[in-house]
Amino acid sequence: MEKINVSIGFDQRMWQQDIEGSRAHLAMLVAQGIVSGEDGEAIAKGLDQVERELAEGRFDFKAALEDIHMNVEARMTEIVGPAGGRLHTARSRNDQVATDFRLWVRNAADEVDAALTDLLAALIDQAEAHADVVMPGFTHLQSAQPVTFGHHMMAYAEMIQRDRGRFRDARKRMNESPLGAAALAGTSFPIDREATAKALGFDRPMRNSMDAVADRDHALEFLAAATICAVHLSRFAEEIVLWMTAQFRFVTLTDAFTTGSSIMPQKRNPDAAELVRAKPGRVLGAFTSLATMMKGLPLTYSKDMQEDKEPTFEAADSLMLAIAATTGMVRDLKPNRDKLAEAAGAGFSTATDLADWVVRVLGLPFRQAHHITGALVKMAEDKGCDLADLSLEEMQSVEAGITADIYRVLTPEASVTSRTSFGGTAPDNVRAAAAQARKDWL
Ligand code: ARG
């Protein structure tokens, strides 16, 4: 029984929240005249000592006492004497654990938000530094149109900013206090839930005592936001892995974020990126685990819910690590300008620019321009050359109206510079987007 019932091995991680919650509850009990000032003072001192023992790693956790709540209370009562037993008046472990866990998840959401701010700063710095570095843009992982490295970085900045929005949104909704719901039905003592909510930094008490002890939405929302964020990080990680290959050589990472091979001296393995790429499995696994555990549970608290913590803690740890590693890699990343420029021009990447020129200058419908461009691409492909290497005569054999002016639009630089539509990849757009993001998000 002890083995399956015990949670102290993992819920001791919430010891600070447990003490904080007890202090708020105690102050309220004293203010409401439910516990005498004298007993209140003794209990407060006892909690201070327990806190010191925990902070200094001297606390003797007892599995027989099941969880962090009973461990803290029992040790406090040992110090204080029988008066210690008054702390649990008008409280249950059900509202206690709901409160502790909410405080923990709220803090985790704040830490993730701060870490994502660092990542955003790194992405914006890279975008500004490389606003005009051309590189291939892909769809289907096939060269599509040239883009800029800065634009690529800002695409991730957008995702990360949305992630922050999700964590902040979840935080707003979770910031209500379950404390005072007691076991499930409330209490007959004249408690002041507004006061405990305020003391713990909550916006207000939860309205329904049954919901207060039965709800774990805060953790589910945190894990859902974490899953989406981990997915974003893994996409970026995959690009780094790809860009680091000998075939791409788009970027370099220093030894700080790569490892060597024990047998192949030429190798630089992007281990950090690979591990970031792997993390969504754990984070989504945590969401799946918690959602599945909650599914079908009758109101209100059931012991099943003790299993909410391990996946949440693990997912938070994994995400924080993935964000830190990604931030480090973004700062360390050096785009290889020459290789990127060469690749940007390959694969007839300016074919759309050619078609657009035909529309703009010759006034032909886009569909017809697309057809002409297709014929020119085919011609270049057969000759084994780029579009810009076709002679004017060859171009005119397909469309008589083409003039030498067309060569102007066939370089990757000209291509990206022309993409000035809102949200487009033009270097000036990227600089403006980065400046705006720096102002609004950092
Ligand atoms: N260790 C328990 C948990 O984490 C605390 C709440 C126990 N409540 C109860 N009625 N047994 O869920």
| message | So residue 144 passes all but one of these: (1) touching a residue at least 40 places away in the same chain (Cβ under 8 Å); (2) within 16 Å of the ligand (Cβ to nearest atom). Which condition number does it fail? | response | (2)
| task | Among what's in the range 147-189 and is of a type in the set (Gly, Ala, Ser) and under 23 Å from residue 435 (Cα atoms), pick the residue that is nearest to the ligand (Cβ to nearest atom). | result | 165
| Is it true that some residue in the range 213-230 is more than 26 Å from residue 167 (Cβ to Cβ), over 23 Å from the mean Cα position of the chain (by Cα) and either surrounded by 14 or more Cβ atoms within 10 Å (Cβ to Cβ) or among the polar types (S, T, N, Q) (or both)? | no
| message | Condition check: more than 16 Å from the ligand (Cβ to nearest atom), over 30 Å from residue 335 (Cβ atoms) and β-branched (Val, Ile, Thr). Does residue 35 satisfy that? | response | yes
| request: Search the range 62-92 for residues being farther than 15 Å from residue 19 by Cα and within 16 Å of the ligand (Cβ to nearest atom), and hand back the single one that is surrounded by the most Cβ atoms within 10 Å (Cβ to Cβ). | output: 90
| field | Residue that is farthest from the chain's Cα centre (by Cα), among those in the range 197-212 that are within 19 Å of residue 28 (Cα to Cα) and not aliphatic (A, V, I, L, M) | value | 209
| query | From the list 308, 332, which residue is modelled with pLDDT of 95 or more, crowded, with 16+ Cβ neighbours inside 10 Å, among the acidic types (Asp, Glu) and farther than 22 Å from residue 8 by Cα? | reply | 332
| task | Report whether or not residue 56 is surrounded by fewer than 18 Cβ atoms within 10 Å (Cβ to Cβ), farther than 26 Å from residue 107 by Cα and of a type in the set (D, E, K, R). | result | no
| Filter result for residue 40 (away from the ligand (no atom under 16 Å from the Cβ) and more than 20 Å from residue 198 (Cα to Cα)) | no
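Residue-wise test of (1) within 16 Å of the ligand (Cβ to nearest atom); (2) in contact with a Lys or Arg (Cβ under 9 Å, 6 or more places away or on another chain); (3) free of Cβ contacts under 8 Å to residues at least 40 places away in the same chain.
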{"position": "197", "(1), (2), (3)": "no, yes, yes"}
{"position": "234", "(1), (2), (3)": "no, yes, no"}
{"position": "240", "(1), (2), (3)": "no, yes, no"}
{"position": "246", "(1), (2), (3)": "no, no, yes"}
{"position": "258", "(1), (2), (3)": "no, yes, yes"}
| Can residue 375 be described as of a type in the set (Gly, Ala, Ser) and under 43 Å from the mean Cα position of the chain (by Cα)? | no
| message | On the basis of being within 16 Å of the ligand (Cβ to nearest atom) and of a type outside the set (Asp, Glu), does residue 131 make the cut? | response | no
| message | Based on this model, can you work out whether residue 356 counts as crowded, with 17+ Cβ neighbours inside 10 Å, within 20 Å of residue 415 (Cα to Cα) and out of contact with any Pro (no Cβ under 9 Å at 6 or more places or on another chain)? | response | yes
| task | For the range 335-350, enumerate the residues that are over 33 Å from the mean Cα position of the chain (by Cα) and either of a type outside the set (Gly, Ala, Ser) or in a helix (DSSP H, G or I) (or both). | result | 342, 345, 348, 350
| task | Just one of (1) farther than 16 Å from residue 329 by Cβ; (2) in a loop (DSSP other than H, G, I, E, B); (3) touching a residue at least 60 places away in the same chain (Cβ under 8 Å); (4) not basic (Lys, Arg) trips up residue 262, so point out which. | result | (3)
| request: Given the conditions (1) over 25 Å from the mean Cα position of the chain (by Cα); (2) surrounded by 15 or more Cβ atoms within 10 Å (Cβ to Cβ); (3) touching a residue at least 24 places away in the same chain (Cβ under 8 Å); (4) assigned to a loop (DSSP other than H, G, I, E, B), report the number of the one that residue 186 does not fulfil. | output: (3)
| Candidate set: the range 299-333, residues that are of a type in the set (Asp, Glu) and under 21 Å from residue 100 (Cβ atoms); chosen: the one farthest from the ligand (Cβ to nearest atom) | 317
| field | Flag if residue 144 is more than 30 Å from residue 213 (Cβ to Cβ), touching a Gly at 6+ places or on another chain (Cβ under 7 Å) and not in a strand (DSSP E or B) | value | no
| query | Hey, among 305, 329, 320, which residue is in contact with an Asp or Glu (Cβ under 9 Å, 6 or more places away or on another chain) and outside any strand (DSSP E or B)? | reply | 320
| Enumeration of residues in the range 93-107 that are of a type outside the set (Asp, Glu) and near the ligand (Cβ under 9 Å from one of its atoms) | 93, 94, 96, 97, 98, 101
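The values are calculated or read from the model by the stated rules, or taken from the named source; none is laboratory data. Computed from a predicted model, the values in this text were never measured in an experiment. In this analysis, Cβ positions are derived from the backbone assuming ideal geometry, glycine residues included, and neighbour counts consider all displayed protein chains.
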